[in-house]
Amino acid sequence: MQLVSKKFKKTLSVVALVLILAMVLGTVASALTGCGAAGKTDNTKIRVAALKGATTIGIVNLIADTELGDPSLDLEFTMYTQGSDVMAAMVAGTVDIGLVPSNVAAVMNNKVEGGVSVIDINTLGVLNCLSGDEAIKTVADLSGKTVYMTGQGATPEYTVRYLLQENGVTDCDIQFKSEPTEIVSIFAADPNAVAILPQPFVTAALAQTEGLKIAFSLDDEWAKVNTDSKIVTGVTVVSNKFLKEHKAAVDAFIGAHKESADKAVNDVETTAKLVVSQGIMAKEPLAVKAIPNCNVVCISGSQIKENLAGYFKVLFEQDPKSVGGSLPGDDFYYEG
């Protein structure tokens, strides 16, 4: 009887050991699955839309890694020139993730079936007023002037109109152009013209026109009239349908975007080459000068709402249509 008991205890010990080992191996396998491919757990292709401008500088290193065959994420990038084109692609369901002007993201939330969520902020303020006219130093000095700019119906327009309103300027004639290069051509003919441009086009314009200077930064002018929020130029959104079905892939993309944005800031020369190859800027020396001024970031988690909600409130109070008619709810801000 004692011998049977010993054998039984030995058998139980072996079984317990096997079960413990299985649990450990299962935990390790689960951890590896979660960490492998930057947290991606399926082979889903992520279709990403980006703009030829500052909002894309933070992902050019990621684009390059993808073109070199990085196996960690299956990404397909398409470049556009207008935020409205990205919105149209997401409405059509041909794009999963888009890098867009911040207010376009809010509008898109009402147009894309199932809505969208902001997964990170990719660019803070990048707008500057340029002119060879020494008399222009603040927004108030734009009274009676013709001002050329891009971004009609997007972040730049609503930011400028808010600043004009807060400075009591009612007689500024804003002339919109479709491409920043058109405005650079205007300066070639008249260095005393006035324009509001985003980086990196500010740097390009300064390099091409003698006597042209930065009259003021719109971030500085914003701080004079609003201490509760900052200008947020660009954000990254995902369709909620894709997020629901492929959360791990979205989380992996955010991590990869963060690494790419950090490299853009810390390895400017490499990034400058990629900015040129993507057609964002024409020459590497100009890109090297521009990138540090482009406010490239990758702000995710709870900080998204902290930075973006106040800016949306300002735009909404100025023109509800600028954010799609209503302020986004809390579920618009993806915290992971």
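The values are calculated or read from the model by the stated rules, or taken from the named source; none is laboratory data. For clarity, every value in this text was computed on a predicted model and none was experimentally measured. All Cβ positions, glycine included, derive from the backbone under ideal geometry; neighbour counts span all protein chains shown. For the accessible areas, the whole protein counts, side chains as well, though only heavy atoms, and no ligand, DNA or RNA atoms are used. Shrake-Rupley method; radii C 1.70, N 1.55, O 1.52, S 1.80 Å.
The lone criterion from (1) open to solvent by less than 40 Å² (accessible area, probe 1.4 Å); (2) aliphatic (A, V, I, L, M); (3) touching a residue at least 24 places away in the same chain (Cβ under 8 Å) left unmet by residue 282 is number (1).
In this structure, residue 271 does not qualify as modelled with pLDDT under 95 and either open to solvent by 20 Å² or more (accessible area, probe 1.4 Å) or β-branched (Val, Ile, Thr) (or both). Screening residue 264 against (1) over 15 Å from the mean Cα position of the chain (by Cα); (2) in contact (Cβ under 8 Å) with a residue 40 or more places away in the chain; (3) open to solvent by less than 30 Å² (accessible area, probe 1.4 Å) leaves a single unmet condition, (1). Would it be correct to say that residue 187 is buried (at least 17 other Cβ atoms within 10 Å of the Cβ), of a type outside the set (A, V, I, L, M), free of Cβ contacts under 8 Å to residues at least 60 places away in the same chain and out of contact with any His (no Cβ under 9 Å at 6 or more places or on another chain)? Yes: the conditions hold for residue 187. Scanning region 146-169 for residues that are in a loop (DSSP other than H, G, I, E, B) and either within 24 Å of the chain's Cα centre (by Cα) or closer than 18 Å to residue 321 by Cβ (or both) yields 150, 151, 152, 153, 154.
Looking at 297, 288, 314, just one residue is in contact with a Phe, Trp or Tyr (Cβ under 7 Å, 6 or more places away or on another chain), of a type outside the set (D, E, K, R) and either crowded, with 17+ Cβ neighbours inside 10 Å or farther than 26 Å from residue 111 by Cβ (or both), and that residue is 314.
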